[in-house]
């Protein structure tokens, strides 16, 4: 008897962040049906690196531009319509926030302090990535507000 092997679809995504009044904030977006708060992510096109794909998704879904950190933060899996997806996650310090972007009419977005953002995201594995990175005190030195230096 053969066992069915499920294909895992590869995606990449970003955690868009900024430092506002000395506090790190994460930009969350809604799914297209406005049911859940998520981060920008999507399929990785052939010939495109995961970080480059993640930057493209950040623009299309959230209207943000910045230089994606190419060091992978971690990955998480989720299931949607019977398919399994693995999302490689990267940090994106936001340099520009646009009001006019491809999915502006399809999603809401909101800046949230880290602990509130963690509570709001749906997937526990994504919550773990956020907690593991943003709640470790030693990492906060990496999030200096350029206006405070």
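Every number in this text was worked out from the coordinates using simple rules, so none of it is lab data. Note that the coordinates shown come from a computational prediction; the quantities given were computed from them, not determined experimentally. Counting neighbours? That spans all protein chains shown, and the Cβs are built from the backbone with ideal geometry, glycine included.
Helix-only estimate, please: 222 nm mean residue ellipticity of the chain, summing -39500 (n - 2.57) across DSSP H runs of length 4 or more and dividing by its residues, to the nearest 500.
-5000 deg cm²/dmol
Grab the beta carbon distance between residue 96 and residue 116, set R0 = 22 Å, and tell me the FRET efficiency rounded to 0.05.
Calculated value: 0.40.
Using label points projected 7 Å from each Cα along Cα→Cβ, tell me how many nm separate residue 21 and residue 33, to one decimal.
For the pair residue 21/residue 33, the computed spacing is 3.6 nm.
Kindly put 108, 10 in sequence by how many other C-beta atoms sit within 10 Å of each C-beta, fewest to most.
With the sparsest Cβ surroundings first, the list reads 108, 10.
Based on DSSP, what percent of beta bridges with both residues in region 8-142 are antiparallel, to the nearest 5?
In region 8-142, DSSP labels about 70 percent of beta bridges as antiparallel.
Sort 92, 27 so the one with the fewest other Cβ atoms within 10 Å of its own Cβ comes first.
Ascending Cβ contact count within 10 Å gives the list 27, 92.
Under a no-solvent Debye model with one identical scatterer per Cα of the chain, what's log10 I(q)/I(0) at q = 0.15, 0.16 Å⁻¹?
-0.75, -0.85
Can you sort 69, 100 by how many other beta carbons sit within 10 Å, fewest first?
100, 69
Looking at the chain as a GNM with Cα springs under 10 Å, which of 35, 110, 11 has the largest mean-square fluctuation?
With Cα springs under 10 Å in the chain, the top fluctuation among 35, 110, 11 is at 35.
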